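Working notes, structure below.
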Amino acid sequence: MDQVEGWYFAGRLKASLRTTGAVLMRLVYPPVCSGCGKMVGQPAGLCPQCWSTVQFIERPYCEITGVPFDHDRGEGLVSPEAIAHPPAYARARAAVFHDGVARKIVHGLKYSDRADLAAMMAAWMIRAGRDVVDDSDVIIAVPLHRSRLFARRYNQSAELARSLARLSGKPFLPGVMLRIRATRQQVGLGLKARQDNVRGAFSIEPEQVQRFLGLKVLLVDDVLTTGSTVEAATRALLRAGAGQVNVLTFARVASQGEETLYA
């Protein structure tokens, strides 16, 4: 057996061992629905009942902010809010509304070490945001401050961005943007408080600027609420020389008034 054949058979053996290990793990820990805990056929999946409750975001929606319209206003229309208060980003998209099973999935990824959910979530995001994915050159995740990253052990937005990169073939640039100020949790804060909370919180590593100078950036986060976080992150990217920023999140909060202005 020559060296090439040895590498080939070694690779086949490793693949076989990985497959066997995966089968054994599924026997010991059968896959369960990410929404209700019932047994399902595939890991990180949903049972038919939970799947039927997920509210996917479909057109018609504002072509800039992605805010859904209550009725079809025609293709390519922009909401009055986006005209009156244009966001810094070019376009924003989200896959689902942040309630019910979708909220459980987000919490699983964010707080319960369910990084395995990222691949499924990213697939939904690709479906919802194909236009902004195709119109972007590189992918960047909204970063956590190092203190929060230490507490959580991983950045849920980076896990989504990494999975999106694998599915789309677009390069993921980790570590380009930093969260230089430890901010309060945004949950429970109003729009003005959220904007004040994240103002000046993001910065671009000076030695990393050349990596995306003039490029179209896809900015990834888990949940879209008032848009204060991605607005602040977008402005930091544009100041550093990005040519354009698109936003893609897994979920968005279905709210009324100015809370739905930005991603």
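At-a-glance table
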| read-out | value |
| --- | --- |
| Top-ranked residue of region 182-202 - restricted to ones that are outside any loop (DSSP other than H, G, I, E, B) and surrounded by 18 or more Cβ atoms within 10 Å (Cβ to Cβ), ranked as modelled with the highest pLDDT | F202 |
| Subset tally (residues that are loosely packed, with under 13 Cβ neighbours inside 10 Å and under 18 Å from N246 (Cα atoms)) for region 60-84 | 2 |
| Counted residues, region 227-240 - those being assigned to a loop (DSSP other than H, G, I, E, B) and either modelled with pLDDT of 95 or more or buried (at least 24 other Cβ atoms within 10 Å of the Cβ) (or both) | 1 |
| Matching residues in region 203-224 - criterion: being touching a helix residue (DSSP H, G or I) at 6+ places or on another chain (Cβ under 7 Å) and polar (S, T, N, Q) | S203 |
| Among the candidates V106, V138, V132, residue that is modelled with pLDDT of 95 or more and closer than 20 Å to C36 by Cβ | V106 |
| Those residues of region 159-174 which are surrounded by fewer than 22 Cβ atoms within 10 Å (Cβ to Cβ) and either in contact (Cβ under 8 Å) with a residue 40 or more places away in the chain or basic (K, R) (or both), in sequence order | R162, R166, L167, S168, K170 |
| Residue check for R153: over 11 Å from the mean Cα position of the chain (by Cα), within 28 Å of V32 (Cα to Cα), loosely packed, with under 14 Cβ neighbours inside 10 Å and not aromatic (F, W, Y) | yes |
| Hey, M177 in contact with a helix residue (DSSP H, G or I) (Cβ under 7 Å, 6 or more places away or on another chain), modelled with pLDDT under 95, surrounded by 19 or more Cβ atoms within 10 Å (Cβ to Cβ) and among the hydrophobic types (A, V, I, L, M, F, W, C) or not | yes |
| Qualifying positions in region 8-37 - modelled with pLDDT of 85 or more and either touching a helix residue (DSSP H, G or I) at 6+ places or on another chain (Cβ under 8 Å) or β-branched (V, I, T) (or both) | V32, C33, S34, G35, C36 |
| Pair list, Cβ under 6 Å, 6 or more apart: region 109-135 residue closer than 19 Å to Y89 by Cβ, other residue in a helix (DSSP H, G or I) and among the hydrophobic types (A, V, I, L, M, F, W, C) | I126/L167 |
| Given (1) crowded, with 16+ Cβ neighbours inside 10 Å; (2) part of a loop (DSSP other than H, G, I, E, B); (3) not charged (D, E, K, R), number of the condition G37 does not satisfy | (1) |
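The values are calculated or read from the model by the stated rules, or taken from the named source; none is laboratory data. Only a predicted model underlies this, so the values are computations on that prediction, with no experimental measurement involved. With ideal geometry, Cβ positions are generated from the backbone for all residues, glycine too; neighbour counts draw on all protein chains shown.
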